[in-house]
Every structure is written in C-alpha cells, then in structure tokens.
Amino acid sequence: MRRALWLVLAAFLSTAAFAEPPVDVAPKAPAKKPAAKLPAAQAKAKARPAWAELTAEQQRTLAPLKADWESLETERRRKWVGIAKRYPTMTVAEQERVQRRMQAWAKLSPEQRRQARETYKQIVKVPPEKRGNLRDQWAEYQSLPEREREAVTAEPRRKK
C-alpha cells in the first residue's frame with residue numbers, strides 16, 4: 001500500500017512538472033540602477049561651452065560676462081552664445097545697446113537676475129496693446145529723480 005502511494009505521488013509530481021511551461025533558469029541581468037544625478041559642482045564643471053571654447057570674437061563680445069561665465073547654466077550660456085553669433089550682423093546702435101545691457105546684467109546679483117527673469121516672463125504675457133502703456137509707465141519712472149524712484153520702489157505694489 002505504501003508503495004502504491006509513493007507511485008501515485010511520483011506520478012503526480014512528474015505530470016505536474018511536465019504540464020508546466022519550461023522555466024528559464026538562466027541568470028537574469030541585474031536591474032539597471034537609475035542614473036545618479038551629478039553633484040551640482042560636477043554638473044557646472046561639465047557645462048558647455050566653457051569660456052576657452054568660445055571663439056576670440058565671441059569672447060570679445062561676451063567680455064562683460066567673463067567673470068560669471070563658469071557659474072552660468074548651460075542653457076544660459078547657449079543663449080549668450082546665440083547673441084554673440086548675431087552680434088556682427090547688428091547695427092552699431094544695436095551692438096552698443098547689447099553691450100550696455102550685458103554690462104548692466106553682469107552687475108546684477110543672482111537674486112536680481114532671477115527677479116528680472118520673472119518680471120520678463122510676466123511682461124511677455126501682457127497683450128501687445130497694453131505693453132505700450134507699460135513702456136509709458138517705465139519712461140515716466142525713469143524720468144523721476146533718484147529719491148522719488150527709491151520711494152516708489154519702496155512702496156508696496158498695488159494689484160489692479
């Protein structure tokens with residue numbers, strides 16, 4: 001009787017083994033680890049283009065930014081290089097304007113630059129017909145004496 005039970009058990013186990021699809025026993029490739037983010041210092045070190053990679057003409061054009069170049073993100077560097085590439089085709093007046101603005105930009109603190117970018121994003125959203133009004137307001141502000149400008153800047157902004 002015992003022998004019959006063993007035969008039935010053996011038959012059961014053997015049919016179960018043949019009834020299942022074959023199992024792949026080859027070792028699986030280890031799961032890929034997600035790409036580790038580079039520390040900020042290494043990411044900035046790999047930012048392109050480096051100052052030395054710029055042409056001599058681009059370096060002359062972008063000279064006001066030389067001191068800050070290594071701290072600029074890759075995207076910002078590419079934008080400035082784009083401006084430097086267009087620079088030779090600009091009129092003398094446009095070139096002077098670009099140089100003045102670049103020098104002013106280089107003097108701003110990182111926080112002031114961030115604020116300027118945010119303001120620009122807001123102005124771009126304003127419909128073109130209302131931008132003329134903004135230009136008028138800006139011209140009016142620029143014509144104020146320094147003390148009055150400081151007073152206006154110190155006032156909390158009113159939402160319209």
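The values are calculated or read from the model by the stated rules, or taken from the named source; none is laboratory data. Just so you know, these numbers come straight off a predicted model, no measurement behind them. Using ideal geometry, Cβ is built from the backbone for each residue, glycine included, and neighbour counts are taken over all protein chains shown. Ligands, DNA and RNA are stripped out before the accessible areas are found, and what is left, the full protein with its side chains, is counted by its heavy atoms. Shrake-Rupley method; radii C 1.70, N 1.55, O 1.52, S 1.80 Å.
How do Arg77, Arg117 stack up against each other in accessible area, from largest to smallest, with a 1.4 angstrom probe? List each step's numbers first, then the result.
Working: Arg77 0, Arg117 65 Å².
Highest to lowest solvent-accessible surface, that is Arg117, Arg77.
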Please give me the summed charge of the neighbours of Arg100: other residues whose Cβ is under 14 Å from its Cβ, Lys and Arg +1, Asp and Glu -1. +1
Determine the share of segment 78-154's accessible area contributed by carbon and sulfur atoms, expressed in whole percent, with a 1.4 angstrom probe. 55 percent
Taking N as the number of residues in segment 56-119, the ratio of its alpha carbon radius of gyration to 2.2 N^0.38 Å works out to 1.10
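Which of the peptides 65-75, 134-144 is most tightly packed, and how do the rest follow, judged by the mean count of other Cβ atoms within 10 Å per residue? Spell out each step's value before the answer.
Values: 65-75: 13.3, 134-144: 10.1.
Answer by packing, highest mean first, reads 65-75, 134-144.
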Descending accessible area (1.4 Å probe), largest on the left, turns Met102, Met90 into Met90, Met102
